[in-house]
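Engineer: Take a look at the following structure, please.
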Amino acid sequence: MTLLRTEGLAKHFGGVAAVDDLALAVEEGEILGLIGPNGSGKTTALNMLSGFLVPDRGSVWFADENVTGKKPVALARRGLLRMFQTTRVFVRISAFDNLLTAGLARGLDEAEARERARVLLEELTLTPVMYLDAGQLSGGQRKLLEFGMCFIAPPRLALLDEPFAAVHPVMRETMARFIRRRNEEGHTFLVVSHDMPIVVELCDRAACMNAGRLIAIGATRDVLQDPVVIEAYLGSESHV
Amino acid sequence: MSDARNLWSHRLAVDFRAALVVVAVLAAAPIVVTSPYTLGILIVSMYFALLAMGWNLLAGFAGQFSLAPAAFAMLGAYVPGLLDYHWHVSLAVGIPAGIVGTAIVGWLLGRVVLRLRGPYLALTTLSFAEIARVVISNSYDFTRGAQGLNVPTLMQSRVGYYYLFVAVVLVVLAGLFFVMRSAIGRFWLAIRDDETGAESRGIDVVRYKTLAFALSCAICGLAGALYGTFSQLVSPELGLLLQTGIVIAMVVIGGIGTLTGPLVGALLVYLASEWMRGLGNVQMIVFSALVIIFARFFREGLWGLVARRRVRALPRAAAGAR
Amino acid sequence: MLVVDLFVNGLIVGLFYALMAVGLAMIFGVLKIVNFAHGEFYMIGAYTYVLVALKLGVSPWAALPLAAIAGALVGWLVERSLMRPLYAGYGSWSIMKDEYAVVVTFGLSLFLINLVDKVVGPYPYRGPALVETSRFAIGPVMLNGQKLIAAGVSAALLIGLALFIKRSLWGRQIQAVAQNRLGASLAGIDATRTTSLIFAISGLLAALSGALLAPVINPSPDVGGFPAVKSYVIVVLGGMGSVWGAMIASLLLGVLESFFAVYVSYDYRDAFGLLILMLVLIFRPQGLLGEKVREL
Ligand SMILES: Nc1ncnc2c1ncn2[C@@H]1O[C@H](COP(=O)(O)OP(=O)(O)O)[C@@H](O)[C@H]1O
Ligand SMILES: [Mg+2]
């Protein structure tokens, strides 16, 4: 079943078409990788999927419901959660309180949230730092904490924006393991990433964007070997 | 603070107990303090404590730096005053009307400034405060303008007023404690730390921000309404930006984002300023300098310094016992 | 011909507003903060001018640059001592930067007002005029000499500032830092020093407008409150941080207020500006003249 679907999604910033006529579908139970050179519109697309940006044109469908223009809160309530490229944790309260807050926000009662928070901290190897203010955590630890906040009440679809960027390899492995395990339990992911080895290893399918458009979608290996995709990455390289 | 004592529930519980001790001291004070003048000073300092707690709810807990607390106190004071002056409505109706009225205005202001952050929010609330004050000052026919308005009093007894204020401080404090312990309080902290993040986690930012505005303004309105009946005169001076500055000073010096901080800060600052009045009126120089110094170097304020010390001292004591 | 009179006088007032507001806009441009002590730069300028001229018996024309220097010095000191935490990565997660700026500048404002109140006294001083003239009329327009000279100096200063920002090396560095602090640092511009410079310029301009108006306003310690509020309105109207926007908005506000005071309500003329400020921030936060920037 198609869990999330977009039709003709578009967003312009001034003269720049950040996302242009994007048609994307995420199937229930899969891990879909979204790749593309810097500035190709991945984050903008995610912002529209999660309600942080209102599309100029086009529509977003989540579980057969038109959710275009719905607020992030409304989407979160339906089980569509996102993580940001730069972590957004609550820096002046402890890591444990971060998880608790996220649990309460998703409608858990406090005892339940506490229990799940402890389990998640253990799984994410954050137990030793659970009493530190989230602002004192390293970048990688914050990302792990965000995973925990996202999964304290499991979402139907998790949108991850560059979760592996600038993270210590050990933690990257912890994250990949976390995603894989949740996926085996039936959770669906849309992962934006630059890290090709992880994309190959993790994702069933991949989609590639360039200059706001979808240029390839299909089995991960096929997409990565697609000449159009290689061209897009090389083209962007020569600009740098 | 890298152990369980850094958990919010624990920090809040310790904080609340300390605040209760302060209230207990206030409640016991009339045993030694009997001069009506000194009691009056303590009453005014409790008025400021209420404003400080109200503003701290909005700024320290929910992260919305409003510059309008004094304006809301002024509005809260004028409602019973005007109701009595024009329609002879009794204070039993007037004071609750003041609280509800300021809560509604606060809620509306909260709705309106929803998308504004930081300096934008500060400027908008400042404008609101100044407009409210200018309108009240200039609407002579309705409000008697800068001359002020006489307000009836609740009782003649100064000790009675004193205990009324102690009781109200206690109620507001307990209310804050329970709210901050609940999900609402945690959502406010989340919004304070990262509004976008809070939204993405499923927190209804619109709802909780407007709630913070309404409650904070209601507390300020309550303080103003009571103070007006105590001083029996309300004037637009209650809403001066200077008054807001004093409230901010109290919270920053006492410890923003805590329960004890605003309470202690208000009492200390007001009592000390009464004392310094005798030393050549230097109080505002001292306090504004202290605000800058605290904001720059001791961001947790007095209560933060004490709380941190306490937590640090404990393990050492335990180690010594071994 | 009241209309012409109101228009010309509005423009003159607008020039003073501009001199005052441009510095605030520049600070907002680089640090994205509102300096709530900006009015006190103005007050310091007014007092320096009056006291130097009266107590030291210096010619008002020599007191003017001294006031400018005092303002620049205070601005520079404020940046050095209080603004550094905003961009030095100082305890970066525990500081709420916007809030820190509000508290510190608000505190500074109270501090300076009360300090001057204590040291110099609460009573207004009458400043010596640059030239002694009475009111006169050009056609339908009533003018007075001091105002006219002050307006002329303001206009010259504003043009000078515009040229400085556009043409000089320092001016271009200011532009670069305002546009992208990190980028400018990477390009080898000393962003910290540039910010000091901006605070010095901001203090200088505000102090000069205080000094120029000292003979008209009779400075008292809280004299800065009124022009400060005008500057907030202007900075908001002009698009939060845009120097050119602030200049245009100043003239606009000057003229609008002058008409409002006569045709609508004199008592509420100050509330009028604040109402504009609120409405603009609520409905068009990027300002009337600014471009929309959104961050996520
Ligand atoms: N808020 C914004 N304002 C203006 N332009 C933006 C904004 N967000 C993104 N863009 C532009 O849209 C394009 C796509 O950006 P983005 O979605 O962040 O790309 P990616 O995440 O793939 O690196 C870029 O050219 C970027 O400069
Ligand atoms: Mg991106």
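The values are calculated or read from the model by the stated rules, or taken from the named source; none is laboratory data. Everything quoted here is computed from the prediction, not taken from an experiment. Positions of Cβ are backbone-derived with ideal geometry, glycine not excepted, and every protein chain shown enters the neighbour counts. SASA here: full protein model, heavy atoms, side chains in, ligands and nucleic acids out. Shrake-Rupley method; radii C 1.70, N 1.55, O 1.52, S 1.80 Å.
Engineer: Counting partner chain Cβ atoms within 10 Å of every residue's Cβ in A:75-86, what's the average? Spell out each step's value before the answer.
Structural biologist: Details: counts 3, 6, 2, 1, 1, 1, 3, 2, 2, 5, 1, 1.
Shielding by partners across A:75-86 averages 2.
Engineer: Under 18 Å from a point placed 7 Å out from the Cα of A:Thr125 along the Cα-to-Cβ direction: which residues of the stretch A:150-187 have their backbone N that close?
Structural biologist: Counting only backbone N, you get A:163-182.
Engineer: Give me Rg/Rg_expected for the stretch A:51-176, where Rg uses Cα atoms only and Rg_expected = 2.2 N^0.38 Å with N residues.
Structural biologist: Taking N as the residue count of the stretch A:51-176, the ratio is 1.09.
Engineer: Here's a follow-up. Picking from B:Ala24, B:Gln232, B:Gln243, whose Cα lies most toward the positive end of the charge dipole for the stretch B:2-317 (charges on Cβ: Lys, Arg +1; Asp, Glu -1)?
Structural biologist: B:Ala24
Engineer: May I pose another question? Can you compute the radius of gyration and Dmax for the protein assembly as shown, using only the Cα atoms, both in Å?
Structural biologist: Spelled out, the Cα radius of gyration and Dmax of the protein assembly as shown are 29.4, 94 Å.
Engineer: For chain B, what relative contact order do you get, as a whole percent, if you take Cα pairs closer than 8 Å and at least 6 residues apart?
Structural biologist: Averaging sequence separation for qualifying contacts and normalising by length gives 32 percent for chain B.
Engineer: Rounded to the nearest 100 Å², what is the buried accessible area between B and A, both sides summed, probe 1.4 Å?
Structural biologist: That pair hides around 2500 Å² of surface in total.
Engineer: Once you have the alpha carbon radius of gyration of the stretch B:163-210, what is it after dividing by 2.2 N^0.38 Å, with N set to its residue count?
Structural biologist: 1.44
Engineer: Additional query: Per DSSP helix of 4 or more residues, -39500 (n - 2.57); summed, then divided by the residues of chain A. What does that give at 222 nm, rounded to the nearest 500?
Structural biologist: Helix contribution divided over all residues of chain A: -11500 deg cm²/dmol.
Engineer: Also, quick follow-up: Please give the helix C:225-237 orientation as an angle from the longest Cα principal axis of chain C, in degrees from 0 to 90, rounded to the nearest 10.
Structural biologist: Here the helix axis deviates by roughly 60 degrees.
Engineer: Here's something else I'd like to know. Say the cut-off is 27 Å between C-alpha atoms; which of C:Lys55/C:Lys230; A:Lys42/A:Lys71; A:Lys42/C:Lys97; A:Lys11/A:Lys71; C:Lys97/C:Lys230 go over it?
Structural biologist: C:Lys55/C:Lys230; A:Lys42/C:Lys97
Engineer: Quick one: if you stick a label point 7 Å off each Cα along the C-beta vector at C:Phe226 and B:Phe142, how many nm between them?
Structural biologist: It works out to 2.5 nm between the two label points.
Engineer: What are the ³J(HN,Hα) couplings of the stretch C:28-45, residue after residue, when phi is run through the Karplus curve with 6.51, -1.76, 1.60 and θ = phi - 60°? Round to Hz, x for glycine and proline.
Structural biologist: Going residue by residue, I get 4, x, 8, 10, 6, 10, 9, 8, 6, 9, 4, x, 7, 4, 4, 4, 5, x Hz, with x marking Gly and Pro.
Engineer: So if the hydrodynamic radius of chain A is defined as the Kirkwood radius over C-alpha pairs, what does Stokes-Einstein give as its diffusion coefficient at 20 °C and 1.002 mPa s, in µm² per second? If you can, show how the numbers build up before the last one.
Structural biologist: Values: Rh = 18.3 Å.
It diffuses with D of about 117 µm²/s by this estimate.
Engineer: Report P(r) for the stretch A:40-106: all Cα-Cα distances, bin width 10 Å, range 0 to the bin holding the largest distance, values in whole percent.
Structural biologist: 19, 44, 28, 9, 0
Engineer: Determine the principal axes of the Cα atoms in the stretch C:136-269, then give the extent along each, sorted from largest to smallest and rounded to whole angstroms.
Structural biologist: Extents along the principal axes, in whole Å: 54, 33, 28.
Engineer: Is the stretch B:114-176 best put as rounded, prolate or oblate by its Cα gyration tensor, with a ≥ b ≥ c the root eigenvalues, rounded for a/c under 1.5, and otherwise prolate when a/b is larger than b/c, oblate when not?
Structural biologist: Here the stretch B:114-176 falls in the oblate category.
Engineer: Give me, ordered by chain and number, the residues 5 or more places off A:Phe13 or on other chains with an amide H under 5 Å from its own placed amide H.
Structural biologist: The list, which skips near neighbours in sequence, is A:Ala18.
Engineer: Next up: Averaged across the residues of B:80-88, what count of C-beta atoms belonging to other chains lies within 10 Å of each residue's C-beta?
Structural biologist: Average neighbour count from other chains, rounded to a whole number: 0.
Engineer: Continuing with this model, one more query. Under 20 °C and 1.002 mPa s, how fast does the stretch B:82-142 diffuse according to Stokes-Einstein, given a Kirkwood radius computed over C-alpha pairs? Answer in µm²/s, whole number.
Structural biologist: The Stokes-Einstein estimate is 159 µm²/s.
Engineer: Using only alpha-carbon positions, what ratio does the radius of gyration of the stretch B:2-317 give when scaled by 2.2 N^0.38 Å?
Structural biologist: Relative to the rule-of-thumb radius for its length, the stretch B:2-317 sits at 0.98.
Engineer: For the stretch A:89-153, take every pair of Cα atoms, bin their distances at 10 Å starting from 0, and report each bin as a whole percent.
Structural biologist: With a bin width of 10 Å, the distribution comes to 27, 61, 12.
Engineer: Please report the accessible area of A:Thr86 (heavy atoms, 1.4 Å probe, ligands and nucleic acids excluded) in Å², nearest 10.
Structural biologist: Surface accessible to solvent at A:Thr86 totals approximately 90 Å².
Engineer: Using modelled amide H (1.01 Å from N, peptide plane; none on Pro or chain starts), what sits under 5 Å from the amide H of A:Ser94, excluding residues fewer than 5 places away?
Structural biologist: Sorted by chain and number, the residues that satisfy this are A:Ala134, B:Trp8.
Engineer: I need the phi-derived Karplus couplings for the stretch B:281-291: 6.51 cos²θ - 1.76 cosθ + 1.60, θ = phi - 60°, integer Hz, Gly and Pro marked x.
Structural biologist: Per residue, the Karplus-derived 3J(HN,Hα) values read 6, 9, 4, 5, 5, 4, 6, 5, 5, 4, 4 Hz.
Engineer: A further question follows. List every residue whose amide H lies under 5 Å from the amide H of A:Leu214, counting only residues 5 or more places away in sequence or on a different chain, with H placed 1.01 Å from N in the peptide plane.
Structural biologist: Under 5 Å from the amide H of A:Leu214 lie the amide H atoms of A:Ala23, each far enough along the sequence or on another chain.
Engineer: Here is a further query. Run the numbers on the stretch C:2-224 and let me know its relative contact order in percent, using alpha-carbon pairs under 8 Å that are six or more apart.
Structural biologist: Computed value for the stretch C:2-224: 44 percent relative contact order.
Engineer: Quick check on the stretch C:12-76: what are the equivalent-ellipsoid semi-axes from the Cα gyration tensor, as sqrt(5λ), descending, whole Å?
Structural biologist: Details: eigenvalues 124, 35, 15 Å².
Those come to 25, 13, 9 Å.
Engineer: What's the angle, to the nearest 10 degrees (0 to 90), between helix C:145-167's Cα axis and the longest principal axis of chain C?
Structural biologist: Tilt relative to chain C: about 20 degrees.
Engineer: Which value, in Å² rounded to 10, gives the accessible area of B:His86 with a 1.4 Å probe and all protein chains present?
Structural biologist: Probe radius 1.4 Å; accessible area of B:His86 about 60 Å².
Engineer: Further question: Under a 1.4 angstrom probe, counting protein chains only, how are B:Val32, C:Val264 ranked by accessible area, largest first?
Structural biologist: Largest accessible area first, the list is B:Val32, C:Val264.
Engineer: How much accessible area per residue does chain B have, counting only protein heavy atoms and a probe of 1.4 Å, in square angstrom?
Structural biologist: Per-residue accessible area for chain B comes out at 37 Å².
Engineer: Which chymotrypsin sites (Phe, Trp or Tyr not before Pro) in the stretch B:190-241 pass both tests, a DSSP loop state and at most 11 other beta-carbon atoms within 10 Å?
Structural biologist: Loop-located and lightly packed - none at all.
Engineer: On to the next question. Using Stokes-Einstein with the Kirkwood hydrodynamic radius over Cα pairs, what translational diffusion coefficient do you get for the stretch C:2-224 at 37 °C and a viscosity of 0.692 mPa s, in µm²/s rounded to a whole number?
Structural biologist: It comes out at roughly 179 µm²/s.
Engineer: Could you state how much accessible area B:Met180 has, in square angstrom rounded to the nearest 10, with a 1.4 Å probe and all protein chains kept in place?
Structural biologist: My reading of the accessible area for B:Met180 is about 0 Å².
Engineer: Now for a separate question. Arrange the residues C:Ile201, B:Ile256 by how much accessible surface each exposes, largest first, with a 1.4 angstrom probe.
Structural biologist: B:Ile256, C:Ile201
Engineer: Moving on. Between helix B:118-138 and chain B, what is the angle of the helix's C-alpha long axis to the longest principal axis, kept within 0 to 90° and rounded to the nearest 10?
Structural biologist: Orientation of helix B:118-138: about 20 degrees from the principal axis.
Engineer: Residue-wise, which Karplus ³J(HN,Hα) couplings in Hz belong to the stretch A:211-218, taking 6.51 cos²θ - 1.76 cosθ + 1.60, θ = phi - 60°, and x for glycine or proline?
Structural biologist: 3J(HN,Hα) across the stretch A:211-218, in whole Hz: 6, x, 10, 7, 10, 7, 8, x.
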